[in-house]
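> Take a look at the following structure, please.
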Amino acid sequence: MAHPRRTGPRKRPSLMVLLYTGAVVTLGAYFTFAAVQGEYGLFRRLQIEAELSDLQAVSGKLDAELATMRNKTLRMSDTYLDLDLLDEQARDVLGYLRSDEIVIR
């Protein structure tokens, strides 16, 4: 049995359906944009992770420098005397030389 053909004018969607569809598409586009480029979006997250990586590298360098400074401070304290460090600092800061040394500039 064949279906009868409609020969009359096509029925257009109502205005409410068009408004509803437009609102859903607009909200979907807005939330997609916010999820990708918003303040808490994917691009911001990648940027924060890159900054974290850089700051962790800087932190590692500063930790090593701090350990070196603590070691030197300990070695120069009153309770611990490192003659090599004392000699190095006296030469560096005061410009002292031993009598058997020759300075080349």
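> Are there trypsin sites (Lys or Arg not before Pro) in segment 28-98 that DSSP marks as loop and that have at most 12 other Cβ atoms within 10 Å, and which are they?
Details: sites: Arg44, Arg45, Lys61, Arg70, Lys72, Arg75, Arg91, Arg98; in loops: Arg98.
Of the trypsin sites (Lys or Arg not before Pro), the ones in loops of segment 28-98 whose Cβ has at most 12 other Cβ atoms within 10 Å are Arg98.
> Which three extents, in whole angstrom, do the alpha-carbon atoms of the chain cover along their principal axes, largest first?
Over the chain, Cα extents along the principal axes are 119, 36, 30 Å.
> Does anyone have the angle between helix 42-75 and the longest principal axis of the chain? Alpha-carbon axes, 0 to 90°, nearest 10?
10 degrees
> Taking only DSSP H segments of four or more residues, each worth -39500 (n - 2.57), what value at 222 nm results for the chain once the sum is divided by all its residues, to the nearest 500 deg cm²/dmol?
Calculated at 222 nm, the ellipticity per residue is -21000 deg cm²/dmol.
> For the chain, with every protein chain kept in place, what is the accessible area per residue (1.4 Å probe, Å²)? Can you show the working numbers first?
Details: 10520 Å² over 105 residues.
Normalised by residue count, the accessible surface of the chain is 100 Å².
> On a 0 to 90 degree scale, rounded to 10, what angle separates helix 15-37 from the longest Cα axis of the chain?
10 degrees
> Quick check: at a probe of 1.4 Å, how many percent of the accessible area of the chain sits on carbon and sulfur atoms?
On the way: 6470 of 10520 Å².
C and S fraction of accessible area: 61 percent.
The values are calculated or read from the model by the stated rules, or taken from the named source; none is laboratory data. Bear in mind that the values here come from a model prediction, so they are computed numbers and not experimental data. Neighbour counts run over all protein chains shown; Cβ positions are idealised from the backbone, glycine included. For the accessible areas, the whole protein counts, side chains as well, though only heavy atoms, and no ligand, DNA or RNA atoms are used. Shrake-Rupley method; radii C 1.70, N 1.55, O 1.52, S 1.80 Å.
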